[in-house]
There are 2 protein chains.
Amino acid sequence: MSLSAMSKPILYSYWRSSCSWRVRIALNLKEIPYDIKPISLIKSGGEQHCNEYREVNPMEQVPALQIDGHTLIESLSIMYYLEETRPQRPLMPQDVLKRAKVREICEVVASGVQPLQNLIVLIHVGEEKKKEWAQHWITRGFRAIEKLLSTSAGKFCVGDEITLADCCLVPQVFNARRFHVDLRPYPIILRIDRELEGHPAFRAAHPSNQPDCPPEAAK
Amino acid sequence: MSLSAMSKPILYSYWRSSCSWRVRIALNLKEIPYDIKPISLIKSGGEQHCNEYREVNPMEQVPALQIDGHTLIESLSIMYYLEETRPQRPLMPQDVLKRAKVREICEVVASGVQPLQNLIVLIHVGEEKKKEWAQHWITRGFRAIEKLLSTSAGKFCVGDEITLADCCLVPQVFNARRFHVDLRPYPIILRIDRELEGHPAFRAAHPSNQPDCPPEAAK
């Protein structure tokens, strides 16, 4: 293995990016040491659009992970790679049906909710309509997730072990609060979120504990 | 196994839905016989919103797959389930890095492009702006995919075997054409699309060959 392949993974991350946050949780749960390279999504029109970063991630978004001598993009793809290469502390169940249930929740968040309320889309929607727009899509997704959880959840999203579904759900709940979504209709989501709030791996991954979190936003 | 678990899978599908189409390709490639239950996304304000279908898929969208006595939603989750339970004609490489590359392309399509140009979002964007909106997000995604393919592609998206990445890419190219996206800057995407155009599994999954395709849209 080359020197670069053995060095510590580098996560390109933005403190408040929910997609970066998912990967931070997974890295923490698996106790994989990593360095963070902050990419500001707001400074100078967004550092993710600069030429240098475009070479890292052609989608011009965070996260990206340099690991094992490779650069990986897309949060779910990164998390599955970690799962397949670092089997310690599994984040996917063994049972095929439960695996499908984990992925359903991951996909509802990652393709059904987050893309529709992320910063770049809200800029296009415009200041005036953005809160209503974000609330609409988050509410639609949370209604579905609550229904899915009603048959899959134990202590966490799928059964009693933390899975990738939980890594996706918790940052999305944070976003829901940012957009003042009424969360009372989703008691299972709220219970799981509360359950994980104090977990060290989740706490260390929280936006307020990131090196690039501005002082006024830190807890 | 119960009787329902042994019966033929039922795919809830809409002829022109690119997410349904992905799953149709995967089912065809794996030679899994299935029945289609058409759900019209336009009739009576969208059959996906009726109470009966909401019980099938709480996200109120297609596809959904009834298989092995279970109901699965989210196209990528369904395809990974098929891959894990029907190992014939694998649609994922064995190599972990190549697997990550397949998933990257799947996720760029499934979370970076498709959600932003699907019917339900375009209704919100409005008739006047919808073409420009769809073109913007498809172009952004295709620029990234072309770059990813420049290092991953062989005959197909990742190497010389058809993978889930190809199942995601082909329907998205069709959507790009619907919205009159200029595809000339993406020669690798175009080459792979042409390569797969005549493949029996892809052809049978094409919108124009679906039972619910209106006669005026059929080839």
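Structure data summary
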quantity	calculated
Output for segment B:122-132, where each listed residue is at pLDDT below 90 and surrounded by 12 or more Cβ atoms within 10 Å (Cβ to Cβ)	B:122, B:124, B:125
Residue satisfying all of: in segment B:194-219; loosely packed, with under 11 Cβ neighbours inside 10 Å and of a type in the set (Lys, Arg); nearest to the chain's Cα centre (by Cα) among these	B:194
Out of B:185, B:171, sole residue that is surrounded by fewer than 16 Cβ atoms within 10 Å (Cβ to Cβ) and either under 23 Å from residue A:49 (Cα atoms) or away from chain A (no Cβ under 13 Å) (or both)	B:185
In segment A:149-161, the residues that are surrounded by fewer than 24 Cβ atoms within 10 Å (Cβ to Cβ) and either over 10 Å from residue A:188 (Cα atoms) or of a type in the set (Ser, Thr, Tyr) (or both)	A:150, A:151, A:152, A:159, A:160, A:161
Selection from segment A:11-25 of residues that are among the hydrophobic types (A, V, I, L, M, F, W, C) and either within 16 Å of residue A:175 (Cα to Cα) or surrounded by 24 or more Cβ atoms within 10 Å (Cβ to Cβ) (or both)	A:15, A:19, A:21, A:23, A:25
Residues located in segment A:68-94, provided they are more than 9 Å from every other protein chain (Cβ to nearest Cβ) and either touching a Lys or Arg at 6+ places or on another chain (Cβ under 7 Å) or farther than 15 Å from residue B:103 by Cα (or both)	A:69, A:79, A:82, A:86, A:87, A:88, A:89, A:90, A:91, A:92, A:93, A:94
Criterion violated by residue A:203 - all others in (1) in a loop (DSSP other than H, G, I, E, B); (2) more than 21 Å from residue B:58 (Cα to Cα); (3) among the charged types (D, E, K, R) satisfied	(1)
Single residue of segment B:145-154 satisfying the filter (assigned to a helix (DSSP H, G or I), more than 15 Å from residue B:112 (Cβ to Cβ) and not β-branched (Val, Ile, Thr)) that is nearest to the other protein chains (Cβ to nearest Cβ)	B:150
Any chance residue A:36 is modelled with pLDDT of 95 or more, buried (at least 16 other Cβ atoms within 10 Å of the Cβ) and assigned to a loop (DSSP other than H, G, I, E, B)	no
Answer residue from segment B:98-144, given it is small (Gly, Ala, Ser) and in contact with a helix residue (DSSP H, G or I) (Cβ under 8 Å, 6 or more places away or on another chain) and is farthest from the other protein chains (Cβ to nearest Cβ) among those	B:134
Neighbours by Cβ (under 9 Å, 6+ apart or cross-chain): first from segment B:189-212, farther than 19 Å from residue B:176 by Cβ; second at pLDDT 95 or above and of a type in the set (Phe, Trp, Tyr)	B:209/B:15; B:210/B:14; B:210/B:15; B:210/B:21; B:211/B:15; B:212/B:14; B:212/B:15
Some residue of segment B:3-11 being of a type outside the set (D, E, K, R) and touching a residue at least 60 places away in the same chain (Cβ under 8 Å)	yes
Test set (1) at pLDDT 95 or above; (2) surrounded by 14 or more Cβ atoms within 10 Å (Cβ to Cβ); (3) under 21 Å from residue B:16 (Cβ atoms) - residue B:119 fails condition number	(1)
Filter pass, residue B:20 being touching a strand residue (DSSP E or B) at 6+ places or on another chain (Cβ under 9 Å), modelled with pLDDT under 95 and away from chain A (no Cβ under 14 Å)	no
Selection count where residues are out of contact with any Phe, Trp or Tyr (no Cβ under 9 Å at 6 or more places or on another chain) and farther than 23 Å from residue A:141 by Cβ, scope segment A:84-116	9
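The values are calculated or read from the model by the stated rules, or taken from the named source; none is laboratory data. Small disclaimer: the values here were computed from a predicted structure and weren't measured. Counting neighbours? That spans all protein chains shown, and the Cβs are built from the backbone with ideal geometry, glycine included.
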